[in-house]
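Colleague: Below is one structure. I have some questions about it.
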Amino acid sequence: MKNDRFERYAFPFFVALLLLAAYKAIDNASSIYRALLHVLSVFSPIFIAIAIALIMYPVCKRAEDAFASAKIHFVSSHARMLSVIMVYAALAALLASIFCIIVPLLSKSITSFVKAAPSMIDAIVQKINRTPFFNIEAKGVFASIERFIAASPLARPEVYTSTVIGVSRWLANTVLSFIMSVYILVDRESLIRWAKFALGLFVTPAKQAWLKKYALKALFFIGRYFYCSVIDAIIIFGLSLLILLVLRVKHAPALSLVLGIFNLVPYFGSVCATAIAVIVTLITTGLPKAITVGVCLLVLGQLDGNVIAPHIVKVTLSLKPFWVLAGVFVGGGFFGIWGIVLSVPMVALGKYILCDIIKTSHLQKR
């Protein structure tokens, strides 16, 4: 009798517990969200290291196969270590060369922009004063800017301290992630064995095969989207630099770099970068050239969205623009910048899983 009563009331009891836990989770959603973000920030170097290793794996694997077929015994016996060292050394040399080329151009553009800022403000004030019913003094504008800066959080010393600490922490985590990615690539078989062993404690072999299939597909989508986005950003950087140099726009290298980097963010990045370029051109040169720059960059954006990107990204992932925009909105709303960046491959993965489930259900019905 006691066992019958226990079985009778056990299910409602556990349902009530689950409902209470769900209510408390909804009631403390902000606290749970902050705790989740803190956990993710703690483990972020490991996640970044895994991402770097996955990105570098195809190149390292090709180099390893080439070294393994070498006739020299030392090279063939240490093919994996030599391949990782060579690939990472080449990456470091590439980053150093880009840094040496871009940083002087950026520093020169930023320095000239800062030096020309007072004369730009004077020119804007003079143009405003030429219109009826307006009379503005440049000294008043500078005084307003000084008061704004003094009242803003940027004037507080703790903001600079926290910024320096945050940048230092980011650099340290980045270096640590690269070092960890080297160990992941070198010892990948051992790590995969341990992962399979740990997964086997909780998941059946059939579900392991299912998880492996979709995990590999997710990595495929992420890797393909990353490579395609970088190639697209490089193309946009080169074309925008050519356009701005032909139009003789001031600070062309810095603006084209902004256009290339912002283009990594789907759809909205290019619009924001174009607006920045038009505003800077309006301040530094004037309205006619700003309109010309805006029209040229909008044409470039349309060319990228309808010709370049479809052959690089959209055809590869087979996604319609609506799903891309929906993924960007949802991912950005829940996970910020990382949600925006990873939304497109995740939507592609969701579409693949849904199509796979539909196909499986049709085959089972037959």
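Since every read-out is calculated from the coordinates, none of them should be taken as a lab result. As the structure is a prediction and not an experimental result, all values here were calculated from the model. Neighbour counts run over all protein chains shown; Cβ positions are idealised from the backbone, glycine included.
Colleague: Which whole-Hz couplings ³J(HN,Hα) result when phi for each residue of region 96-101 is put into the Karplus expression 6.51 cos²θ - 1.76 cosθ + 1.60, θ = phi - 60°, listed in order with x for Gly and Pro?
Modeller: Ordered by residue, 3J(HN,Hα) equals 5, 5, 5, 4, 5, 7 Hz.
Colleague: At 7 Å along Cα-to-Cβ for each site, give me the label-to-label distance between I165 and T360 in nm.
Modeller: That separation, rounded to one decimal, is 4.8 nm.
Colleague: Report the local net charge at I279: Lys and Arg +1, Asp and Glu -1, summed over other residues whose C-beta lies under 13 Å from its C-beta.
Modeller: So the surrounding residues net to +2.
Colleague: Given the Cα-Cα distance of F329 and H78 and 0.36 nm per residue of separation, how much length would full extension add, in nm?
Modeller: Between F329 and H78, full extension yields an extra 85.7 nm.
Colleague: Distance cut-off 29 Å, Cα to Cα: go down the list K207/K359; K115/K289; K61/K212; K250/K320; K71/K217; K207/K351 and report the pairs above it.
Modeller: Cα-Cα > 29 Å for K250/K320; K71/K217; rest within.
Colleague: Ranked from highest to lowest mean number of other Cβ atoms within 10 Å per residue, what is the order of the peptides 275-284, 245-254?
Modeller: Peptide ranking by packing, descending: 275-284, 245-254.
Colleague: Right, here's the next one. Convert each backbone phi in region 231-241 into a coupling constant with the Karplus relation 6.51 cos²θ - 1.76 cosθ + 1.60 (shift: θ = phi - 60°), then list the ³J(HN,Hα) values in order as whole Hz, x for Gly and Pro.
Modeller: Once rounded to whole Hz, the list reads 4, 5, 5, 5, 5, 5, 4, x, 5, 5, 5.
Colleague: Note down the Stokes-Einstein diffusion coefficient of region 181-222 in µm²/s, whole number, using a Kirkwood radius over alpha carbon pairs, 4 °C, and 1.567 mPa s. Don't skip to the answer; put the middle values down first.
Modeller: On the way: Rh = 11.4 Å.
Reported coefficient: 114 µm²/s.
Colleague: Can you report the principal axis dimensions of region 171-249 using only the alpha carbons, biggest first, rounded to whole angstrom?
Modeller: 64, 30, 17
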